[in-house]
Amino acid sequence: MITKEAIPDIIAAWSKEPDKPIDGIINKLGLRRMSPEEVRKYVMERASKLGINDRSKLMNTLMKELRGKADPSDIMRAIDEYLKKFSKEINRHKHRDAACSAFPHYIIYMQISNINSLSA
């Protein structure tokens, strides 16, 4: 299966080699459509390397890279999944950091409370 964006490239290549089967030309050009799982894997790896967490910037970059190779809806779904995972990771770190930063204050509070209870 191919995407509609790949058709002009396939026709141009086929016009140069009309005796070759279309499947051979598609494979040679590397224009076979990626499966949803291949798209997901590519997006997860590429997005983490890029370090972009803005949906529109990520969409623009990956759509250009995967043009003619993947279904845009698969790309959008994978980007949304990545961003959801990314935001959960950020929130997890925020909560951990907040707990760690609050902990020393709790220890100081307990020490002051113990001192006050001893002096009373």
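The values are calculated or read from the model by the stated rules, or taken from the named source; none is laboratory data. Small disclaimer: the values here were computed from a predicted structure and weren't measured. Cβ: placed from backbone, ideal geometry, glycine included. Neighbour counts: every protein chain shown.
For residue 29, are the conditions met, namely being of a type in the set (A, V, I, L, M, F, W, C), more than 10 Å from the chain's Cα centre (by Cα) and either modelled with pLDDT of 90 or more or in the same structural domain as residue 7 (by TED's automatic domain parsing) (or both)?
On the way: of a type in the set (A, V, I, L, M, F, W, C): yes; more than 10 Å from the chain's Cα centre (by Cα): yes; either modelled with pLDDT of 90 or more or in the same structural domain as residue 7 (by TED's automatic domain parsing) (or both): yes.
Spelling it out, residue 29 is indeed of a type in the set (A, V, I, L, M, F, W, C), more than 10 Å from the chain's Cα centre (by Cα) and either modelled with pLDDT of 90 or more or in the same structural domain as residue 7 (by TED's automatic domain parsing) (or both).
From (1) without any contact (Cβ under 8 Å) to a residue 40 or more places away in the chain; (2) under 16 Å from residue 86 (Cβ atoms); (3) in a helix (DSSP H, G or I); (4) not hydroxyl-bearing (Ser, Thr, Tyr), pick out the condition that doesn't hold for residue 65.
Here residue 65 clears every test but (2).
Give just the number: which of (1) acidic (Asp, Glu); (2) over 14 Å from the mean Cα position of the chain (by Cα); (3) modelled with pLDDT under 90 does residue 89 not satisfy?
(2)
Quick one: would you say residue 18 is surrounded by fewer than 11 Cβ atoms within 10 Å (Cβ to Cβ) and in a helix (DSSP H, G or I)? Break it down stepwise before answering.
Numbers: surrounded by fewer than 11 Cβ atoms within 10 Å (Cβ to Cβ): yes; in a helix (DSSP H, G or I): no.
Here the answer is no, as residue 18 does not meet what is asked.
Quick check: anything in the stretch 79-92 within 21 Å of residue 3 (Cα to Cα) and either touching an Asp or Glu at 6+ places or on another chain (Cβ under 7 Å) or assigned to a helix (DSSP H, G or I) (or both)?
Quick first cut of the stretch 79-92, residues within 21 Å of residue 3 (Cα to Cα) only: 79.
In the following step, the residues that additionally are either touching an Asp or Glu at 6+ places or on another chain (Cβ under 7 Å) or assigned to a helix (DSSP H, G or I) (or both) were identified as 79.
Yes, because at least one residue in the stretch 79-92 is within 21 Å of residue 3 (Cα to Cα) and either touching an Asp or Glu at 6+ places or on another chain (Cβ under 7 Å) or assigned to a helix (DSSP H, G or I) (or both).
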